[in-house]
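Working notes, structure below.
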Amino acid sequence: MIVYDLVCRTGGHRFEGWFASSDDFADQTARGLLSCPSCDCAQIDRAISAPNLGRKGNQITPAAPPPATAPAAAAPPPLPSEAIAVLKSIAVMQAQALKQSTWVGDRFADRARAMHYGEVEAAPIHGQATPEQASELIDEGVAIAPILFPVVPPDQAN
């Protein structure tokens, strides 16, 4: 069984749903079988949630005190479809830019600095830099920008 945190689009009500599989959730959603138990809204999305991982079998769990009753925090509303569309277009643009760029790995700071000072021909590159290296490059006037979505180094890609 899979337990998903769900949220309705109308009222932002958060609730759980138990499904046999992720395909079962998709099938029920497509057929309009899901609805909010609070407001009966049929527009249901999966809410962002952390995975439920079991503890190792050799660990002893101390008895936890009962949780204090506190008012439940309101769940943040799901991202509007416009925001999702913008994020998708940014991801597509980043992927296109990276196709025209060369991966330089952890030599990024050295290569960017060498291009800035005219020691090597300027070319589009991407790679890894520590926050300190990035700060030094910016202080020197080297034009750099962060990659907004994570990139898997080519030697680690499947």
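Look at region 89-136 and say how many of its residues are more than 19 Å from LEU148 (Cβ to Cβ), in a helix (DSSP H, G or I) and β-branched (Val, Ile, Thr).
0
Just one of VAL86, VAL142 is modelled with pLDDT of 85 or more, assigned to a loop (DSSP other than H, G, I, E, B) and surrounded by 11 or more Cβ atoms within 10 Å (Cβ to Cβ); which is it?
None of the other options fit; the residue is VAL142.
Determine if region 46-69 includes at least one residue that is part of a strand (DSSP E or B) and either in the same structural domain as GLN128 (by TED's automatic domain parsing) or modelled with pLDDT of 80 or more (or both).
Within region 46-69, one or more residues are part of a strand (DSSP E or B) and either in the same structural domain as GLN128 (by TED's automatic domain parsing) or modelled with pLDDT of 80 or more (or both).
Here's the yes/no breakdown for (1) touching a Leu at 6+ places or on another chain (Cβ under 9 Å); (2) over 30 Å from VAL7 (Cα atoms); (3) in contact (Cβ under 8 Å) with a residue 60 or more places away in the chain:
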residue: PRO77; (1), (2), (3): no, no, yes
residue: SER81; (1), (2), (3): no, no, no
residue: ALA85; (1), (2), (3): no, no, no
residue: VAL104; (1), (2), (3): no, yes, no
residue: ALA112; (1), (2), (3): yes, yes, no
residue: MET115; (1), (2), (3): no, yes, no
residue: SER135; (1), (2), (3): no, yes, no
residue: GLU140; (1), (2), (3): no, yes, no
residue: ALA145; (1), (2), (3): no, yes, no
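The values are calculated or read from the model by the stated rules, or taken from the named source; none is laboratory data. Since the structure is predicted, the reported quantities are computational estimates derived from the model, not experimental observations. Cβ coordinates were reconstructed from backbone atoms using ideal geometry, including for glycine residues, and neighbour counts include every protein chain displayed.
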